[in-house]
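Worksheet: one structure, shown below.
Values quoted throughout were computed directly from the atomic coordinates according to the rules given, and no laboratory measurement underlies them. Since the structure is predicted, the reported quantities are computational estimates derived from the model, not experimental observations. Cβ: placed from backbone, ideal geometry, glycine included. Neighbour counts: every protein chain shown.
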Amino acid sequence: MSKTYTPEEIAKARFKRLTYVRFGGVVVAMVGAAIAADKVALPHWLGLLLIVIGLFDVLVFPRMLVRRWKKEAK
């Protein structure tokens, strides 16, 4: 028995997912900034890498998800 979802339920689920992805990216970037600022005893390069990954999660990945969802709708 598979449940069919209304368009409103799908939109809410996608909005939640986008919010979680963006929030996770911000958290990763903040941890990277703390490492890069020597607040956490880890290598400096790791902090910079985490900042880049966090920025990707905030700026690029949500757009990729939206494009994928638009392709599925066709």
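Annotations
- Dipole magnitude of the chain about its Cα centre (Cβ charges: Lys, Arg +1; Asp, Glu -1), debye to nearest 20: 480
- Sum of side-chain charges, K74 neighbourhood, beta-carbon under 13 Å (Lys, Arg +1; Asp, Glu -1): +3
- Relative contact order (%) - the stretch 7-66, alpha-carbon pairs under 8 angstrom, separation at least six: 37
- Fewest-first ordering of R68, R17 by other beta carbons within 10 Å of each residue's beta carbon gives R68, R17.
- Helix-only arithmetic for the chain: the sum of -39500 (n - 2.57) across DSSP H runs with n ≥ 4, divided by the residue total, places the mean residue ellipticity at 222 nm at -27500 deg cm²/dmol.
- Per-residue 3J(HN,Hα) values for the stretch 8-19, derived from phi via the Karplus relation 6.51 cos²θ - 1.76 cosθ + 1.60 with θ = phi - 60°, read 5, 5, 5, 5, 4, 5, 5, 4, 4, 4, 4, 5 Hz in sequence order (x marks Gly and Pro).
- The chain: angle of helix 61-73 to the longest principal axis, Cα-based, in degrees nearest 10: 10
- log₁₀ of I(q)/I(0) at q = 0.24 Å⁻¹ - the stretch 7-66, Debye sum with one point per alpha carbon: -0.84
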